[in-house]
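Colleague: Here you go, one structure.
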Amino acid sequence: MTAAGEEDRRPLGDEPPRDGQPDDDEQAFERLSAYLLGHATACAERRQHGCLVAKATAELTEHDEVVSARSLITFENVQLALAAGLEACQRNGDIDPAADARQLAGLLLAVHRGIEALGKAGFDENALRSMAETALAALPRPPR
């Protein structure tokens, strides 16, 4: 809750860079790529402890409504931030403008969370980065 008693909907945990300024569009795809590839590299490190929200979601949501609600809000906010980045990519001509940025953001969020889980299972950095690169390469490009 905020000081005014309103629910605080800011995300917890790691979040992608926020786009939205027209002059940010030129580097939007590079930022998105750096975010996913950096996450893959971090998840390959065995000392890396992972995302507190993901762990709380996995362990507590069926027993704790507050954790469940907060986790949903957090992941929705990450998806919105990814969608904003994808929209910047669309404005810059890197992603097909006819594609649904929110749906693509959901896909990238699932890839992001999956990379963390697979890193915990022992996949190495090359494999995790390859997964991120494949997801980025699969994004729809504008018609030529």
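The values are calculated or read from the model by the stated rules, or taken from the named source; none is laboratory data. What you see is a predicted model; the values in this text were computed from it and never measured. Using ideal geometry, Cβ is built from the backbone for each residue, glycine included, and neighbour counts are taken over all protein chains shown. Accessible surface areas use protein heavy atoms only, side chains included; no ligands, DNA or RNA. Shrake-Rupley method; radii C 1.70, N 1.55, O 1.52, S 1.80 Å.
Colleague: Every residue in region 107-128 that is open to solvent by 70 Å² or more (accessible area, probe 1.4 Å) and either in a helix (DSSP H, G or I) or under 19 Å from residue 82 (Cβ atoms) (or both), please. Can you show your working first?
Modeller: Here is the first cut: in region 107-128, the residues open to solvent by 70 Å² or more (accessible area, probe 1.4 Å) are 107, 120-121, 123-126.
Matches in region 107-128: 107, 120, 121, 125, 126.
Colleague: Sticking with this one: Based on this model, can you work out whether residue 32 counts as under 22 Å from residue 102 (Cβ atoms), among the hydrophobic types (A, V, I, L, M, F, W, C) and at pLDDT 85 or above? Working first, answer last.
Modeller: Numbers: under 22 Å from residue 102 (Cβ atoms): yes; among the hydrophobic types (A, V, I, L, M, F, W, C): yes; at pLDDT 85 or above: yes.
For residue 32, the condition - under 22 Å from residue 102 (Cβ atoms), among the hydrophobic types (A, V, I, L, M, F, W, C) and at pLDDT 85 or above - is met.
Colleague: Separate question: Residues of region 93-106 being of a type outside the set (Gly, Ala, Ser) and either under 14 Å from residue 77 (Cα atoms) or open to solvent by 70 Å² or more (accessible area, probe 1.4 Å) (or both), which ones?
Modeller: 97, 100, 102, 103
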